[in-house]
Amino acid sequence: EEEEAKLQNGGFLPCPAGGVPSGTALEEPLRSCRLQAERRGGAAAESPSPPRSPGGDAGSRALAAPGSRTCRERAEPAALPPAPLGFTDVNLNSRNTYEVSRRRSAPEHLPHRETAPAEPAPPPQEPAERARHRVGIAGAGSSFAEFFTRLINHVAPRVWVVPSGCVPKREQLICVSEYEARTGRMYKPPPPSARRKNIEFEPLSTTALILEDRPANLPAKSVEEALRHRQEYDEMVAEAKKREIKEAHKRKKIMRERFKQEENIASAMVIWVNEILPNWEGMRATRRVRELWWQGLPPSVRGKVWSLAVGNELNITPELYEIFLSRAKERWKSFSETSSENDVEDAGASVADREASLELIKLDISRTFPSLYIFQKGGPYHDLLHSVLGAYTCYRPDVGYVQGMSFIAAVLILNLEEADAFIAFANLLNKPCQLAFFRVDHSMMLKYFAAFEVFFEENLPKLFLHFKSYSLTPDIYLIDWIFTLYSKSLPLDLACRVWDVFCRDGEEFLFRTGLGILRLYEDILLQMDFIHIAQFLTKLPEDITSEKLFSCIAAIQMQNSNKKWAQVFASLMKDNKEGDKNHSPAPKS
């Protein structure tokens, strides 16, 4: 029966009843190979068969068993009609496919049939079935053998290569059963599709570790170690997910607050443009306008409101600004021609003269809002800021330029045009408080510090005593705040909101803001000594928010014994005048 079946199948055993196991990667390539062989066999039946090459006959004899006469007679005679070829009796779970393709190349190196020696006998341990496989494969054409060799070389590695660190399924089941028997716990492998089910909160590679197998040159993990690593990895991923969810909620909250703030600004801008600004003199002191003012001015109307609130008592015109600007340019030109920066530093001039010089402006501009990179040399507002400050030094030579003015002028330039910024700058520095500080009037500065301490003790008694114990006076931290109007110490957007209410309430709000900052960080300051307090108040934290600061400012009561700021400051001025009168020398008789 086997002989008849092989005659019908071209010398090969027919396919077994079960066929090739399904799911193997070689099933489709073998089926395509069989179809090609059948077409080639059909073409050979219609055309006369070409003469056999000596090498091919020798290869057939060499691969057949010596006592297998029927195999040689079926493989060699040309009179036998060609039959469809089949390649079904190939064991996919062994290396026979690779061995057959390797041994198929033997006929090219075997001697000719006429001079060939006697056929070598196969090893005694070789089964007869394997010899039949080789005979069937050798009977095919050399081109098909080369194709089959290429197929094995390309397909077999993809089928049988096991990833590093992985365990074959059967061995894994055995190891898991041993693990369950040893530990008494049931192993439940995680589903493969559960890892990236929720991509939104999947931790990034920089957030959590990535679980990977060991390299191929290292021993594979045991099941216990793999399970422990998987558990540790899941814990780290869970913590990363919690952290990312918390950060996502925080970002969403910030975005909601920002959207709400933008909506409030948009609605407030309509009110300011359509109702308040056209009727400025009649509505600026109303309660509704003051409440809108406290919430912050819209950026689109901020510069206009600042100009109206500061006023123009000096009656400066844009033409006057151009005159003083031209004078400043002439001084810059003459200064650059006659001297250099080193000559000015070594000339032995007084500090006031150096501060009033135009060269000091160039040095100070580079330190103005360095994080914005717009006022430094080459920036879009460098020349503009230089022009405003230079024109002011020519306009007020008695004041000159003082360090800190560049921050005030820069904030005005960001919200106003060049000429309007100069007008607001000159009138702002002409206010009593700013004029006292920029002219370095020590007696007036001490009165402002004394008035500040009165309300400091009234609102923050614990912190006031703590500062007193270290002899920490207000001039250590207040000078920088007043000189720059908080534009250097606070974030720019928060400083602009402080400026909004400062334009509404005047100098009182500057000292109220200082008390609000002390109240905001009272708990931290109570734990510090002199050095750390001075460093902390000089450089405030960058994460300070307008809501927290203005809530603390609102909690500050600017009243002392039913006296407001103006009354307390006036009483200090009166006491100072009486003290000067008492200490004045008596007239000579």
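Each Lys and Arg Cβ is given +1 and each Asp and Glu Cβ -1; about its Cα centre, region 438-577 then shows a dipole of about 400 debye.
When peptides 215-226, 250-261, 490-501 are sorted by average Cβ neighbour count within 10 Å, with the highest value leading, the order is 490-501, 215-226, 250-261.
Taking the protein heavy atoms of region 223-295 in the context of the full set of protein chains, the accessible area attributed to carbon and sulfur is 53 percent at 1.4 Å. Taking packing as the residue-averaged number of other Cβ atoms within 10 angstrom, the listed peptides 558-566, 288-296, 359-367 run from highest to lowest as 359-367, 288-296, 558-566.
Just want the answer: with Cβ charges of +1 for Lys and Arg and -1 for Asp and Glu, which residue in Thr538, Leu494, Thr473 is farthest toward the dipole's positive end in region 417-544? The residue sitting farthest along the positive end of the dipole is Thr473. Between Asp383 and Arg367, the modelled label-to-label distance comes to 2.6 nm, taking each label 7 Å out from Cα in the direction of the beta carbon. Annotation for Lys260 and Ala216: the two label points, set 7 Å from Cα along the Cα-Cβ direction, are 5.9 nm apart. For Arg214, the residues 5 or more places off, or on other chains, whose built amide H falls under 5 Å of its own are Lys221. Each residue of region 541-549 was assigned a 3J(HN,Hα) from its phi angle through the Karplus expression (A = 6.51, B = -1.76, C = 1.60, θ = phi - 60°), giving x, 7, 8, 5, 10, 5, 5, 5, 5 Hz with x at Gly and Pro. For the pairs Lys304/Lys431; Lys250/Lys488; Lys539/Lys564; Lys221/Lys241; Lys260/Lys548, flag any whose C-alpha to C-alpha distance is greater than 23 Å. Beyond 23 Å: Lys250/Lys488; Lys539/Lys564; Lys221/Lys241. Stretched out straight at 0.36 nm per residue, the stretch from Met283 to Glu224 would grow longer than its current Cα-Cα span by 13.4 nm.
What region 223-295 shows is 76 Å² of accessible area per residue, with the surface traced by a 1.4 Å probe over protein heavy atoms. Placing a label point 7 Å from the Cα of Leu492 along the Cα-to-Cβ line, the residues of region 399-415 whose backbone N sits under 12 Å from it are 410-415. Residues whose amide H falls under 5 Å from that of Gln559, counting only those 5 or more places apart or on a different chain, are absent, with hydrogens built in the peptide plane.
Looking at region 438-577, the accessible area is 47 square angstrom per residue; that uses a 1.4 Å probe and ignores ligands, DNA and RNA. Spacing of the modelled spin labels on Ile271 and Glu542, each 7 Å from Cα toward Cβ, amounts to 3.4 nm.
The values are calculated or read from the model by the stated rules, or taken from the named source; none is laboratory data. From a predicted model like this one, the values you see are computed outputs, not experimental measurements. Please note: Cβ atoms are built from the backbone with ideal geometry, for glycine as well, and neighbour counts cover all protein chains shown. Accessible surface is based on the protein model in full, side chains and every heavy atom, while ligands, DNA and RNA are left aside. Shrake-Rupley method; radii C 1.70, N 1.55, O 1.52, S 1.80 Å.
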